[in-house]
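Input: a single structure, listed below in structure tokens.
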Amino acid sequence: MADRDRQAVSSPRRATLVPGTEAAPSFVLVGEHFAAALAWLLAGSIGLVVVAPLLAAGGYLVPHVIAVTHCFTLGWITTSIFGALYQIYPVALGVPAKSERVGHATFAVLQLGTLTLVIGTWWWRPVLLAAAWVLLFAAVGGMSWNLLPARRHATRGRRLGAYVTAGHSALGLAMFVVFARIGMELGWWRVDRLAVIAAHAHLAVVGFATLTIVGVGGRLLPMFLLSHHAEEWTGRWIGPLLGAGVVVYAAARLADLRPGELAGAALMTLGVLVYLALVARYVHGRTRRALDPGLSLVVVAFVSLFCATALGDALAWRHAPSLRLDAAYAILGILGWVMLFAMGIYHKIVPFLTWLHRFSARVGEPDVPRVADLLHLPLAWTCGALLAAGTLGLAGAVAMGRGAGARWAALGIALGAAAACAQFARVAVGHPGRAA
Amino acid sequence: MSPALLAERQNEVYRRLCEVIDPEIGVSIIKLGLVYDIAIDAGDVTVVMTLTTRGCPLGHAITEGVRRMVESLAWVTNVTVHLVWDPPWDPAMIR
């Protein structure tokens, strides 16, 4: 037994904290992010019901659709990622954020920026778009300043730190790219609109969201599945493949270099396949055989990632505009992959954090619930089924150009989002007893 | 302390630790194989244990639960919980 690895927790109550957990922020900081993210999810899914027929007609460049898209990408996904990172990143690296006050400030600016962007795109006001860009840039910059430099002082969790840093760098690039689009609207210059949107979307979804998920998931998935013994050496290749792929693809799209586009797409595909192989090892080698609602949604998210990758490759090779298939690809990537993954993880970490906040001082007492007892299981399964079926149904209906089908599928997503909001409100304020 | 008394007290501590449940997994820390050793010297109890993952967010709650449960034994005057990472926990350690 190595003495250097030994930490003592002695009575009486001057006990030291378990290394890493002292770096966790207050429950309020994470809670406000998650509450706002759920509100955005609900707003976005209601908006999706409105714009679903437009999507089925291939109108993914219509301002209303772009506004709804950003309810999901900035409101739901980015706010969720920032909230989760404030909890997970300091604990994993053992170094706290610089300032919790800055965390609250960046949260407020992110919400204001997202609201401004959604309003600006819905009614198409370029000045509002520019103001939103400034606010969002400040929010992302503030978050990065507050959290990411901790990596320099970390003695563990370096891979997670590298993935999160790379993800934020990609988000910064995505923001610079989209600034070109805003500048075009303001009459400052001319750019290839479709190329800018493609580069922006891939940098945001593959670069920011996926790299962050790979980094954070490398810690969470083995923990939740109890698959610590899974071979992870391939993990070091996923980031370089995805990161290089998305940068090469975005640059080639902007420069209109077809071989570069294909090379970037191939690198991203390879990265995704290596990642899915790693995830398959986690799932196959798990000690916990039964998958709960959260982990089941995560598995559906991985299936969506595979489908999105296959469709994306087909579209890249075809190299002919197909608005409906492009929209279906975006739905599989944004909703099927990132939204469902985030919702699956919510079903794990929201009860987890609530339990820590409310019951951690009572371990050993007979009436203390388990983390899983905080969830209403039928509601969780219903939420997962509605979101998964709605998302896959929406992608299918949009690909086939079925407006009515798309609206029904979007309604399923909206009901799933409402179920999620009800679930997590119940987790936060309910008083469940110990399960038998 | 006679060997019989020592064994009896170790059993008492062991039974108390069986009541400390990992709240995420829903299994006692004894059954999970997280407790490596229990040492007793008069009223001083030292529990050597690990966690399922380093930097586990529930770690503080679990070690405090261990301390509280062992302290509740009448003859215990001091509890020390040593967290170790070597050997690292593995699902194969589940009993």
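The values are calculated or read from the model by the stated rules, or taken from the named source; none is laboratory data. Here the structure is a predicted model, which is why all the values come from computation and not from measurement. Methodologically, a virtual Cβ is constructed for each residue, glycine included, from the backbone with ideal geometry; neighbour enumeration extends over all protein chains shown.
Please state which one of A:ALA372, A:ALA385, A:ALA425 is out of contact with any strand residue (DSSP E or B) (no Cβ under 6 Å at 6 or more places or on another chain) and either in contact (Cβ under 8 Å) with a residue 40 or more places away in the chain or not small (Gly, Ala, Ser) (or both).
The unique qualifying residue is A:ALA372.
Only one of A:VAL427, A:VAL368 is under 18 Å from B:GLU24 (Cβ atoms), of a type in the set (Val, Ile, Thr) and not in a loop (DSSP other than H, G, I, E, B). Can you tell me which?
The conditions single out A:VAL427.
Residue by residue through the range B:1-24, note down the ones that are of a type outside the set (D, E, K, R), assigned to a helix (DSSP H, G or I) and over 13 Å from B:VAL66 (Cα atoms).
B:PRO3, B:ALA4, B:LEU5, B:LEU6, B:ALA7, B:GLN10, B:ASN11
When the residues of the range B:45-65 are filtered to those that are more than 8 Å from chain A (Cβ to nearest Cβ) and in contact with a Leu (Cβ under 9 Å, 6 or more places away or on another chain), which remaining residue is farthest from A:TYR86 (Cα to Cα)?
By that ranking, first place goes to B:VAL45.
Can you pull out every residue in the range A:191-236 that is of a type outside the set (D, E, K, R), assigned to a helix (DSSP H, G or I) and under 19 Å from A:ASP292 (Cα atoms)?
Hits for the range A:191-236 are A:GLY217, A:GLY218, A:LEU220, A:LEU221, A:PRO222, A:MET223, A:PHE224, A:LEU225.
Looking at this structure, is A:ARG219 of a type outside the set (Val, Ile, Thr) and over 30 Å from B:THR53 (Cβ atoms)?
Against the criterion (of a type outside the set (Val, Ile, Thr) and over 30 Å from B:THR53 (Cβ atoms)), A:ARG219 does not qualify.
Take A:ALA174 and decide whether it is in contact with a His (Cβ under 8 Å, 6 or more places away or on another chain) and touching a residue at least 24 places away in the same chain (Cβ under 8 Å).
Against the criterion (in contact with a His (Cβ under 8 Å, 6 or more places away or on another chain) and touching a residue at least 24 places away in the same chain (Cβ under 8 Å)), A:ALA174 qualifies.
Filter the range A:399-413 down to the residues that are of a type outside the set (Val, Ile, Thr) and in a helix (DSSP H, G or I) and list them by number.
A:ALA399, A:MET400, A:GLY403, A:ALA404, A:GLY405, A:ALA406, A:ARG407, A:TRP408, A:ALA409, A:ALA410, A:LEU411, A:GLY412
Just to be sure I understand, how many residues within the range A:237-259 are in a loop (DSSP other than H, G, I, E, B) and at pLDDT 95 or above?
So the count comes out to 0.
Assess whether B:GLY33 counts as being under 13 Å from B:CYS18 (Cα atoms) and more than 9 Å from chain A (Cβ to nearest Cβ).
yes
Mind checking whether some residue in the range A:255-271 is without any contact (Cβ under 8 Å) to a residue 24 or more places away in the chain and either on the phi > 0 side of the Ramachandran plot or within 21 Å of the chain's Cα centre (by Cα) (or both)?
no
Please pick out the residue among B:ALA4, B:ALA74, B:ALA42 that is out of contact with any Cys (no Cβ under 9 Å at 6 or more places or on another chain) and either modelled with pLDDT of 90 or more or within 13 Å of chain A (Cβ to nearest Cβ) (or both).
B:ALA74
Residue by residue through the range A:319-330, note down the ones that are in a helix (DSSP H, G or I), more than 15 Å from A:VAL206 (Cβ to Cβ) and in contact with a helix residue (DSSP H, G or I) (Cβ under 8 Å, 6 or more places away or on another chain).
The answer is A:ARG324, A:LEU325, A:ASP326, A:ALA327, A:ALA328.
Would you please name the residue that is modelled with the highest pLDDT, looking only at residues in the range A:147-171 that are more than 14 Å from chain B (Cβ to nearest Cβ) and over 17 Å from A:VAL216 (Cβ atoms)?
A:PRO149
What is the number of the single condition among (1) out of contact with any Ser or Thr (no Cβ under 6 Å at 6 or more places or on another chain); (2) more than 10 Å from every other protein chain (Cβ to nearest Cβ); (3) without any contact (Cβ under 8 Å) to a residue 40 or more places away in the chain; (4) of a type outside the set (A, V, I, L, M) that B:GLU12 does not meet?
In the conditions (1) out of contact with any Ser or Thr (no Cβ under 6 Å at 6 or more places or on another chain); (2) more than 10 Å from every other protein chain (Cβ to nearest Cβ); (3) without any contact (Cβ under 8 Å) to a residue 40 or more places away in the chain; (4) of a type outside the set (A, V, I, L, M), B:GLU12 misses (3) alone.
Hey, among B:PRO87, B:PRO23, which residue is within 7 Å of chain A (Cβ to nearest Cβ), at pLDDT below 90 and closer than 21 Å to A:LEU225 by Cα?
B:PRO23
Out of the residues in the range A:105-138 that are touching a residue at least 40 places away in the same chain (Cβ under 8 Å) and in contact with a Gly (Cβ under 7 Å, 6 or more places away or on another chain), state the one that is nearest to the other protein chains (Cβ to nearest Cβ).
Among residues in the range A:105-138 that are touching a residue at least 40 places away in the same chain (Cβ under 8 Å) and in contact with a Gly (Cβ under 7 Å, 6 or more places away or on another chain), the one nearest to the other protein chains (Cβ to nearest Cβ) is A:THR106.
What do you reckon, is A:ALA280 without any contact (Cβ under 8 Å) to a residue 60 or more places away in the chain, under 20 Å from A:ARG236 (Cβ atoms) and in a helix (DSSP H, G or I)?
yes
Exactly one of these conditions fails for A:ALA174: (1) outside any helix (DSSP H, G or I); (2) buried (at least 21 other Cβ atoms within 10 Å of the Cβ). Give me its number.
(1)
Quick test of your reading of the structure: A:ASP256 fulfils all but one of (1) within 17 Å of A:ALA201 (Cα to Cα); (2) surrounded by 20 or more Cβ atoms within 10 Å (Cβ to Cβ). Name the failing condition by number.
Just one mismatch for A:ASP256, condition (2).
Report whether or not A:ILE238 is within 27 Å of A:ALA150 (Cα to Cα), touching a residue at least 60 places away in the same chain (Cβ under 8 Å) and under 19 Å from the mean Cα position of the chain (by Cα).
no
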